[in-house]
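What follows draws every value from the coordinates through simple rules; no lab data is involved. Please read these numbers as outputs of a predicted model, since none were measured by experiment. Ideal geometry is used to build each Cβ from the backbone, glycine not excepted, and the neighbour counts take in all protein chains shown.
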């Protein structure tokens, strides 16, 4: 580079190397290697995530605060899970609460596992003032379609007799009311205040 030239800048925005390095560790290692070859190089580290594990870590690297909350894992065992909070925005990661890696002994239980603990984390973020929640949904241990999550947020899901359904994907077959409201005749469908983004 000639004297007076602007510095060379490189933006490093990798995802994780699953099973070996976090996204930040990947970015840091690549930056170190590049600076060995070009000491004058300016590197900007912006680790990213695809919505699975590492989503909260990416938000933390962007300056969000880390919040740890007591909640429950996919099969109901007590766990602590992190989320990221900045002003009135929260980033919540399903994988860190009720993901596959949170299963006791890594034993799969797709029909019994629930997203209830995810809803508890979201409720904590709302109590702390979050008005926007970015929800990373990768790596779920459950097939409940978010039923447990909305139960934790106050929804009452019932069977045809009006009794609450149990948690887990297997219980969804006893949930005719929700299915009829979602997929029934448009004139009978109530308006919802929930929006997917």
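Note down the nm distance, to one decimal, between modelled labels 7 Å out along Cα→Cβ at residue 108 and at residue 158.
According to this spin-label approximation, the distance is 3.5 nm.
Please check: in the Gaussian network model of the chain (C-alpha springs, under 10 Å), which one of 119, 168, 154 has the largest mean-square fluctuation.
154
Among 69, 30, 56, which one shows the highest mean-square fluctuation when the chain is modelled as a Gaussian network with alpha-carbon springs under 10 Å?
Largest GNM mean-square fluctuation: 30.
For 83, 24, which order do you get if you count the other beta carbons within 10 Å of each Cβ and list the fewest first? Walk me through the intermediate numbers first.
Details: 83 32, 24 19.
In order of increasing Cβ crowding within 10 Å: 24, 83.
To make sure I understand, if each residue's beta carbon is the centre and we count other beta carbons within 10 Å, what order do 20, 114 fall in, fewest to most?
Starting with the residue having the fewest Cβ neighbours, the order is 20, 114.
Classify region 19-128: rounded, prolate or oblate, from the alpha-carbon gyration tensor (a ≥ b ≥ c, eigenvalue square roots; a/c under 1.5 rounded; otherwise prolate if a/b is larger than b/c)?
Details: a/c = 3.78, a/b = 1.78, b/c = 2.13.
Oblate, since a/c reaches 1.5 and b/c is not below a/b.
Which one, 61, 113, 142, has the greatest fluctuation when you compute a Gaussian network model over the chain with C-alpha springs under 10 angstrom?
Per the Cα network of the chain with a 10 Å cutoff, 61 tops the list.
Could you work out how far helix 116-127 tilts from the main Cα principal axis of the chain, as a 0 to 90 degree angle to the nearest 10?
Between the helix axis and the principal axis of the chain, the angle is about 70 degrees.
How high is the relative contact order of the chain, in percent, with contacts defined as C-alpha pairs under 8 Å that are six or more residues apart?
On the way: 394 pairs, mean separation 30.2, N = 197.
Relative CO of the chain lands at 15 percent.
Relative to the compact globular guide of 2.2 N^0.38 Å, what is the alpha carbon radius of gyration of region 8-48, as a ratio? Please report the intermediate quantities before stating the final value.
Working: Rg = 10.2 Å, N = 41, 2.2 N^0.38 = 9.0 Å.
Against the empirical 2.2 N^0.38 Å value, I get 1.13 for region 8-48.
How do 87, 159 rank when sorted from fewest to most other Cβ atoms within 10 Å of their own Cβ? List each step's numbers first, then the result.
Values: 87 11, 159 15.
Ordered from fewest to most neighbouring Cβ atoms within 10 Å, 87, 159 come out as 87, 159.
Helix 23-37: angle to the longest alpha-carbon principal axis of the chain, degrees 0 to 90, nearest 10?
Between the helix axis and the principal axis of the chain, the angle is about 10 degrees.
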